[in-house]
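Report on the structure given below.
The values are calculated or read from the model by the stated rules, or taken from the named source; none is laboratory data. The model shown is predicted, which means the values in this text are computed figures rather than measured ones. Note that each Cβ is placed from the backbone with ideal geometry, even for glycine, and that neighbours are counted across all protein chains shown. Just so you know, the surface numbers come from the protein's heavy atoms only, side chains and all, with ligands and any DNA or RNA stripped out. Shrake-Rupley method; radii C 1.70, N 1.55, O 1.52, S 1.80 Å.
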Amino acid sequence: MADHVLVTGGAGYIGSHACKALRQAGYVPVTYDNLCTGWEDAVKFGPFERGDLLDRARLDAVFAKYQPVAVMHFAALSQVGESMKEPGKYWLNNVGGSLSLIEATVAAGCRNFVFSSTCATYGEHDNVLLDESVEQHPINAYGSSKRAIEDMLKDFESAFGLRHVIFRYFNVAGGDPEAEVGEFHRPETHLIPLMLDAIDGKREALTIFGTDYDTPDGTCIRDYVHVCDLVDAHVLGLKWLEDDKGSRVFNLGTGSGFSVREVIDHSRAVTNRDVPYEEGPRRPGDCTKLVSGSTRAGKELGWTPKRSTLDIMIADAWRWHQNG
């Protein structure tokens with residue numbers, strides 16, 4: 001019988017793509033999600049269990065029912081701006097929820113844990129090609145909450161032998177090329193879907209937040225990874241743990257960023273439509289240039305991002321946007 005993997009946040013954007021990748025790799029993904037930002041329609045590749053991470057009794061029941069060989073933890077609140085205004089919400093849901101999940105994992109005798117973290121744990125490292133050795137000094141509650149979970153995992157390994165792989169990454173884009181699942185947030189805050197909405201007339205115009213950054217075109221630069229490349233890495237991380245290779249942190253990035261204006265230009269080229277946009281002030285907490293390498297993931301996991309070009313990411317997102 002196929003092994004079960006508990007996927008928290010499996011009804012969300014990245015989680016639903018991870019479920020498809022797990023299914024294709026021969027696992028049965030069990031989605032655990034409270035649907036606060038996810039969609040039950042996105043759960044297509046295995047069973048769905050509705051529940052909150054803070055509900056320990058519910059978690060224990062789900063662990064007992066499926067006896068998963070591993071946990072893949074995506075569920076989190078992830079809006080930087082909101083985290084600056086409502087830090088308590090992030091510490092309660094992200095940190096408190098993860099503590100509840102990790103304790104339930106250990107209590108159930110499961111010892112393999114793949115954690116979807118973030119490069120926001122590094123903080124302000126402008127114009128640095130980030131790797132795993134860069135010091136972590138997060139500048140917002142979202143990044144702080146994720147770093148706290150990383151620390152928690154180390155402590156639970158020391159005490160209980162919970163082996164874990166942690167992935168840190170920046171912006172995720174694109175969608176399943178077969179358009180079975182895709183990106184849909186309410187409210188939407190991610191650049192590419194916002195832009196496609198503007199192209200489609202679903203919103204008035206895209207706002208570029210800040211045009212006076214110290215970059216070639218004045219707009220901030222971000223690293224983007226295709227969601228399918230990202231979840232492939234998570235499956236490789238699971239196999240890494242199953243091969244008894246021990247806990248490890250991996251950055252996932254393309255090593256080169258794209259400016260907001262570059263994304264707009266490529267969108268125009270891919271969709272053959274103009275992107276209506278207006279210019280606005282900078283947002284608090286935004287960095288100028290955030291780019292990560294992934295040398296370690298390439299060497300040790302054998303990970304190579306195959307779909308993480310702007311044109312492929314935008315084309316896949318556009319296909320989903322039109323039909324999803």
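For region 102-113, backbone phi angles converted through the Karplus equation (6.51, -1.76, 1.60; θ = phi - 60°) give residue-by-residue couplings of 5, 5, 5, 4, 5, 4, 7, x, 7, 10, 10, 9 Hz, Gly and Pro being listed as x.
Solvent-accessible surface of the chain, averaged per residue with a 1.4 angstrom probe and all protein chains in place: 42 square angstrom.
Using 0.36 nm per residue and subtracting the Cα-Cα separation, the extra length available between Asp265 and Asp3 on full extension is 89.9 nm. Name the residue, out of Leu22, Leu230, Leu129, whose mean-square fluctuation peaks in a Gaussian network model built on the chain with Cα pairs under 10 Å. Most flexible of the set in this elastic network: Leu129. Remark: accessible surface ordering of Thr211, Thr8 (largest first) is Thr211, Thr8, probe radius 1.4 Å.
The distance linking region 1-57 with region 197-213 is 32 Å (Cα centroid to Cα centroid, whole angstrom).
How large is the convex hull of the C-alpha atoms of region 171-324 per residue, in Å³? Write out the running numbers ahead of the final one.
Values: hull volume 19.7 nm³, N = 154.
That works out to 128 Å³ per residue.
Please say if region 194-239 is rounded, prolate or oblate, where rounded means a/c under 1.5 for a ≥ b ≥ c the square roots of the C-alpha gyration tensor eigenvalues, and otherwise the choice is prolate for a/b larger than b/c and oblate otherwise? Oblate is the answer for region 194-239, as a/c is 1.5 or above yet b/c matches or exceeds a/b. Using a cutoff of 8 angstrom between alpha carbon atoms and counting only pairs six or more residues apart, the relative contact order for the chain works out to 19 percent. Scanning residues 5 or more positions from Thr254 or on other chains, those with amide H under 5 Å from its amide H are Tyr224, Ser292, with H placed 1.01 Å from N in the peptide plane. Indicate the gyration tensor shape class of region 15-72 (rounded, prolate or oblate), computed on the Cα atoms with a ≥ b ≥ c the square roots of the eigenvalues: a/c under 1.5 is rounded; otherwise a/b larger than b/c is prolate and the rest oblate. It comes out oblate by the Cα gyration axes.
Mind pulling the per residue volume of the convex hull built on the Cα atoms of region 155-246? Å³ is fine. Per-residue hull volume (Cα only) is 186 Å³. The H on the amide N of Gly10, modeled in the peptide plane, is under 5 Å from the matching H of Tyr32, each at least 5 residues off or on a different chain. Eigen-decomposition of the gyration tensor built on the alpha-carbon atoms of region 246-324 gives equivalent ellipsoid semi-axes of 28, 19, 11 angstrom, largest listed first. How many angstrom separate the Cα center of region 225-252 from the Cα center of region 89-134? Region 225-252 and region 89-134 have Cα centres spaced 14 Å from each other. Between Ser144, Ala61, Gly161, the Cα set farthest toward the positive side of the dipole of region 53-187 (charges on each charged residue's Cβ, about the Cα centre) is that of Ala61.
For Gln67 and Cys36, what is the calculated FRET efficiency with R₀ set at 35 Å and r taken between the beta-carbons, to the nearest 0.05? Intermediate results must be reported in sequence, preceding the final value.
Values: r = 26 Å, r/R0 = 0.76.
Between Gln67 and Cys36 the formula returns 0.85.
Annotation: Ser16 carries an accessible surface of approximately 0 Å², with a 1.4 Å probe and no ligand, DNA or RNA atoms counted. In this structure Cys220 has an accessible area near 10 Å², from a 1.4 Å probe over the protein heavy atoms.
Restricting to Cα pairs below 8 Å that are 6+ residues apart, what does the relative contact order work out to for region 10-55? Please round to a whole percent.
On the way: 69 pairs, mean separation 19.7, N = 46.
Over region 10-55, the number comes to 43 percent.
The DSSP beta bridges internal to the chain are antiparallel in roughly 5% of cases.
Given a 1.4 angstrom probe, I'd like the percentage of the accessible area of region 215-323 that is carbon and sulfur, rounded to a whole number. Intermediate results must be reported in sequence, preceding the final value.
Working: 2240 of 4780 Å².
On region 215-323, the fraction of accessible area on carbon and sulfur atoms equals 47 percent.
Filter the cross-link list Lys85/Lys239; Lys89/Lys239; Lys146/Lys239 down to pairs whose alpha-carbon distance in this structure exceeds 28 Å. Long pairs (Cα-Cα over 28 Å): Lys85/Lys239; Lys89/Lys239. Using equal-weight Cα scatterers in the Debye expression, the normalised intensity of region 89-207 in log10 at q = 0.15, 0.23 Å⁻¹ is -0.87, -1.24. Treating each Cα of the chain as an identical point scatterer and summing with the Debye formula, the log10 of I(q)/I(0) at q = 0.10 Å⁻¹ comes to -0.54. Values of log10 I(q)/I(0) for region 1-106 across q = 0.18, 0.21 Å⁻¹ run -0.81, -1.06, by the Debye formula with one identical scatterer at each alpha carbon and no solvent. Evaluating kT/(6 pi eta Rh) at 25 °C and 0.890 mPa s, with the Kirkwood radius of region 54-130 over Cα pairs in the Stokes-Einstein relation, gives 173 µm² s⁻¹. Report the label-to-label distance for His190 and Ser158 in nanometres (one decimal), using points 7 Å from each Cα along the Cα→Cβ vector. Computed distance between label sites His190 and Ser158 equals 3.6 nm. Distant-in-sequence amide contacts of His4, defined by a placed amide H-H separation under 5 Å and a gap of 5 or more residues or a different chain, comprise Val28, Val69.
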